[in-house]
1. Between the stretch 87-143 and the stretch 157-200, what is the separation of their alpha carbon centroids in Å?
2. If R₀ is 41 angstrom, what is the calculated FRET efficiency for the pair S43 and T198, using the beta carbon separation as r and rounding to 0.05?
3. Can you tell me which aspartates and glutamates have their Cα less than 13 Å from the Cα of K260? Leave out same-chain residues fewer than eight positions away.
4. For Y237 paired with I57, estimate the spin-label separation in nm (one decimal), with each label point 7 Å from Cα along the Cα-to-Cβ line.
5. Of all the C-alpha pairs in the stretch 128-261, what % are more than 19 Å from each other?
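Every number in this text was worked out from the coordinates using simple rules, so none of it is lab data. Just so we're clear, the structure is a prediction, and the values are computed from it rather than from any experiment. Note that we place each Cβ from the backbone using ideal geometry, even for glycine, and neighbour counts take in every protein chain shown.
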Amino acid sequence: MVYHYLYIFLFTLSGSLFAKTTIQKLSRQINRLSHLNQSMVRSCPLGDKDNSIDDRIWRDAGFSNATVSILDISNIYQSDFNRYTHSVDLTLVNLKGAGWDKELLKKTLERVAEVYKQCGIKVNNPKYVETDPPYSRVDISEEKNHDAALAKLLPSPSRPTLFFIRSNIEGKTGFAWPKDFADPPIQNTAFITAEVNTSEYKEKRQKGYSPTAHELAHIFGNCEHIEGKDYNILSKYYDRVSSDITKAQCDSFKRSNLVKEIPDA
Ligand SMILES: [Zn+2]
């Protein structure tokens, strides 16, 4: 009989313990759900993508204090009825102290994107690298192969890669190394000086002209300047060079292996 009561007692005790744990579990669940509901109304802070791995790769390659991010130029493609059949990946390397900054480079790239709209070519997730200049050089000499030395350090085979420098010792405002003009790693790289941002330079060029788009045209077209009186992106004359691209040029750019076809476009 004693055992009988003991069993009932133990049974009741274990039952209430079971009920207690179940209630605790349920209330935790409810708390979690209500917490989720609160998060759904508020938008979660997204923050920046963690680029520490990319940063390390560039720093290890010799680009001290490099930080890597993506330049957001998506506003260029908003409410846009252009049809894009092709896209390009670009890497922009800003050598600190050369006279460029992230905002200026964003504007520069937006201009490039506008220029290539006429070919149906879209600029895709442009990679932006801000770094201390290797060898402390922001004035780059072709004769002394400073440009090749920079290209040699690049940790990524992705091209085109654009270096934003202060000046070219030989006096050019920008220059590029298309496929048939150089071997890797300098092949398909370009160097743009900060001189292109001066009012003096801009006054001499056509409105809307983009020196960066011009250097890219050398690379995409794998070609030199063109003669003639027409306004054109690759004109050799400073008063004729413009953002105009002919249909034949667009077609040749799209044949470049640096310009990718957008599937089902
Ligand atoms: Zn040129």
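1. Using only Cα atoms to place each centre, the spacing works out to 10 Å.
2. Efficiency at R0 = 41 Å is approximately 0.45.
3. Partners found: D89, D251.
4. Modelled inter-label distance: 4.5 nm.
5. 51 percent
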